[in-house]
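Undergrad: Please see the structure below; I have some questions.
Every read-out reported here was derived from the displayed coordinates using simple, explicitly stated rules and does not represent laboratory data. Nothing here was measured: the structure is a model prediction, and the numbers come from that model. Backbone-built Cβ (ideal geometry, glycine too); neighbour counts: all protein chains shown.
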Amino acid sequence: MSIWRFADRLPAIPQTFRVSLGEGNTPLLRSVSIGPSLGLENLFFKIESANPTGSYKDRFAACAVSHLLKNKASLCLGTSSGNTGAALAAYSAVAKLPCVLAIVDTAPEDKLQQMLAYGAQLVKIRGFGTDAHITKEISQGLLKLARQLNTEVQISAFKYSANGMAGVQSISWELAEQITQSIDHVFSPSGGGGLTLAIAQGFESIDSHSPAVHCVQPTGNNTIAGPLKDGRDHARSCGTCTSKISGLQVAGVIDGHNTLTACRRSGGTGHLVDDAEVFSFQKRLAREEAIFTEPAGAVALTGAVQAIKNGTLSKKENIVCLVTGSGFKDKVALQGMTADLDCPTVDSLNAFKLLIPNF
């Protein structure tokens, strides 16, 4: 199974051009620890790290690369801070398309290695992603380059690649199947806003009770969540991103205006979370829920817990948090999760026993 089981809702692409690695159909898990500790009866995690390359971006790449094949593009040209690049590189490999990627300056080395393993050609650009002016300049230049090379720029945003982002809406369609009773709230991490917008539009596109879709951002990348929470009509550039949460370092607006409008229309609002809180919940997800995620995948939960503690959500409601990427994506963050632990070497079983509590 793949997202192509929703082909009637996706952009029209003949079956001969559809590329798939079995993306989608990811698990929905009920919280066994964090939810109950807060008095929540129905806290769920949508495990997007179960996708083939380890993130929800595989849904994007499946549609984007298939669209390139349909249009006989010469290559896959894209940008990435990590997960989009890994997905595009993998799907380009199976589609036999060359893949060239402009990389965000702060992309984790582990994500770059994954892209290289699939055979992509990478170029990292200083200031790209974290500086709004540089990012806008590079994006506009890539659009011109794409026309010269008979292709399209693949950026995981509706503003640049609506065909690819249509595949991300399949998260909502799956959630509507997985929770037969109504979903009340969906918390989504946001950088440029594309994922959150896809969730809101996905629910709007089907005959289903539409949950309140909430935009959660790091305080150091406050482009959408703050303006949404404050009742403003438009997202805003934050100039320079100061958050260390890889994948959510998008200083410009991109899909922000439409994301703000869609969230508000759904009844959702914005939530700002500190990096330190996100890293803490990343560790808690692993140790209390056995959910191994990169920092960005803990952002939605951080926002949901904040909302519960502020008393803005009912503890009886059905709440879904998106877990967007695997913990293997970011070695530096993983080392931070385990900094208080050690793996000693011993010479005997007796010495091993001495290290086991209450043996």
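Undergrad: Which of the pairs LYS111/LYS229; LYS309/LYS329; LYS96/LYS144; LYS283/LYS329 have their Cα atoms more than 26 Å apart in this structure? Don't jump to the answer; show the numbers that get you there.
TA: Numbers: LYS111/LYS229 32 Å; LYS309/LYS329 30 Å; LYS96/LYS144 24 Å; LYS283/LYS329 15 Å.
Result: LYS111/LYS229; LYS309/LYS329 exceed 26 Å.
Undergrad: In units of 2.2 N^0.38 Å, what is the alpha-carbon radius of gyration of the chain?
TA: Against the compact-globule rule of thumb, the ratio is 0.98.
Undergrad: On the first, second and third principal axes, largest extent first, how far apart are the outermost C-alpha atoms of the stretch 57-163 in Å?
TA: Sorted from largest, the Cα extents of the stretch 57-163 read 34, 29, 21 Å.
Undergrad: Another question, if that's okay. Quick one: go through the stretch 12-56 and flag any residue whose amide nitrogen is under 13 Å from the point 7 Å out along the Cα-to-Cβ line of SER205.
TA: 12-13
Undergrad: Among the aspartates and glutamates, which fall within straight-line cross-link reach of LYS315, defined as a Cα-Cα distance under 12 Å, with same-chain neighbours fewer than 8 residues apart omitted?
TA: GLU41, ASP184
Undergrad: Still on this structure: Helix-only mean residue ellipticity at 222 nm, the chain, DSSP H runs n ≥ 4 weighted -39,500 (n - 2.57), per residue, nearest 500. What is it? Could the numbers behind the result be given before it?
TA: Values: 14 runs with 137 residues, N = 359.
That comes out to -11000 deg cm²/dmol.
Undergrad: Rounded to the nearest Å, what's the spacing between the alpha carbon centres of the stretch 287-359 and the stretch 155-192? Just the number, please.
TA: Cα centroid of the stretch 287-359 versus Cα centroid of the stretch 155-192: 25 Å apart.
Undergrad: Spin-label point model (7 Å from Cα, Cβ direction): what's the LEU29 to ASP340 distance in nm?
TA: 2.0 nm
Undergrad: Per residue of the stretch 252-263, what does 6.51 cos²θ - 1.76 cosθ + 1.60 with θ = phi - 60° give for ³J(HN,Hα)? Whole Hz please, x for Gly and Pro, Karplus curve as stated.
TA: x, 7, 6, 8, x, 4, 5, 5, 4, 5, 5, 4
Undergrad: Looking at THR84, LEU322, HIS271, which one has the Cα that reaches farthest to the positive end of the dipole of the chain (charges on Cβ: Lys, Arg +1; Asp, Glu -1)?
TA: THR84
Undergrad: Relative contact order for the chain using alpha-carbon pairs under 8 Å, separation at least 6, rounded to a whole percent?
TA: Once normalised by length, the contact order is 18 percent.
Undergrad: Could you work out the longest stretch of the chain that avoids the trypsin sites (Lys or Arg not before Pro) located in DSSP loops with at most 11 other Cβ atoms within 10 Å?
TA: The longest uninterrupted stretch comes out as 127-315.
Undergrad: Another question, then. Go ahead and run the numbers for FRET between THR180 and ALA7, Cβ-Cβ distance against an R0 of 22 Å, rounding to 0.05. Could the numbers behind the result be given before it?
TA: Working: r = 23 Å, r/R0 = 1.06.
The formula returns an efficiency of 0.40 here.
Undergrad: Over the stretch 57-163, calculate the relative contact order: mean separation of alpha carbon pairs under 8 Å at least 6 apart, over the residue count, as a percent.
TA: For the stretch 57-163, the relative contact order is 31 percent.
Undergrad: Could you give the length gained by full extension between ALA351 and HIS133, i.e. 0.36 nm per residue of separation minus their alpha carbon distance, to one decimal place?
TA: Computed gain between ALA351 and HIS133 is 72.6 nm.
Undergrad: Taking other Cβ within 10 Å of each residue's Cβ, how do HIS257, HIS185, HIS214, HIS209 sort, fewest first?
TA: HIS209, HIS257, HIS185, HIS214
Undergrad: So, R0 is 51 Å and r is the distance between the beta-carbons of THR16 and ARG287; what FRET efficiency does that work out to, to 0.05?
TA: 0.65
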